[in-house]
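*Asks:* Here it is, the structure in full.
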Amino acid sequence: MHKITQYRDRCIGCNACVEIAPDRWRISKKDGRCTLVGGKEKKGIYQVDIHEHELEANKRAAVSCPVNIIKIDGK
């Protein structure tokens, strides 16, 4: 298992992560920022565990983020 961490308060809503990994990312209609689908929020930081088959697309999403707010850690 791997964990995605998103520092959502710094998101600029560029939509790159949504384009690359649409199963895990969405644009919020409320504030225009990207939302980590299934993410649990704690003090403004969102996290979710993902399976191996989601890893490659989400790594590309993290690299494409212009403000570097997506981190992926292995467990």
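*Asks:* Within the range 19-55, track down each residue that is surrounded by 18 or more Cβ atoms within 10 Å (Cβ to Cβ) and among the aliphatic types (A, V, I, L, M).
*Replies:* I20, A21, L36, I50
*Asks:* Just the residues that are surrounded by 15 or more Cβ atoms within 10 Å (Cβ to Cβ) and without any contact (Cβ under 8 Å) to a residue 24 or more places away in the chain, please, taken from the range 63-75.
*Replies:* Within the range 63-75, no residue meets the criteria.
*Asks:* Also: Could you check the range 2-33 and list, in sequence order, the residues that are in contact with a Gly (Cβ under 6 Å, 6 or more places away or on another chain) and closer than 17 Å to I72 by Cβ? Before the answer, list the steps.
*Replies:* Let us first name the residues in the range 2-33 that are in contact with a Gly (Cβ under 6 Å, 6 or more places away or on another chain), namely 2, 9, 13, 32-33.
Selection gives H2 alone.
*Asks:* Out of the residues in the range 19-60 meeting the condition of being without any contact (Cβ under 8 Å) to a residue 24 or more places away in the chain and within 11 Å of the chain's Cα centre (by Cα), tell me which one is farthest from Q6 (Cα to Cα).
*Replies:* This residue is P22.
For (1) of a type in the set (S, T, N, Q); (2) modelled with pLDDT under 95; (3) in a loop (DSSP other than H, G, I, E, B), each residue gets a yes or a no:
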position: K3; (1), (2), (3): no, no, no
position: C14; (1), (2), (3): no, no, yes
position: P22; (1), (2), (3): no, no, yes
position: D31; (1), (2), (3): no, no, yes
position: T35; (1), (2), (3): yes, no, no
position: E41; (1), (2), (3): no, no, no
position: A57; (1), (2), (3): no, no, no
position: A62; (1), (2), (3): no, no, no
position: I72; (1), (2), (3): no, no, no
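The values are calculated or read from the model by the stated rules, or taken from the named source; none is laboratory data. What you see is a predicted model; the values in this text were computed from it and never measured. Reconstructed Cβ throughout: ideal geometry from the backbone, glycine too, with neighbour counts over all protein chains shown.
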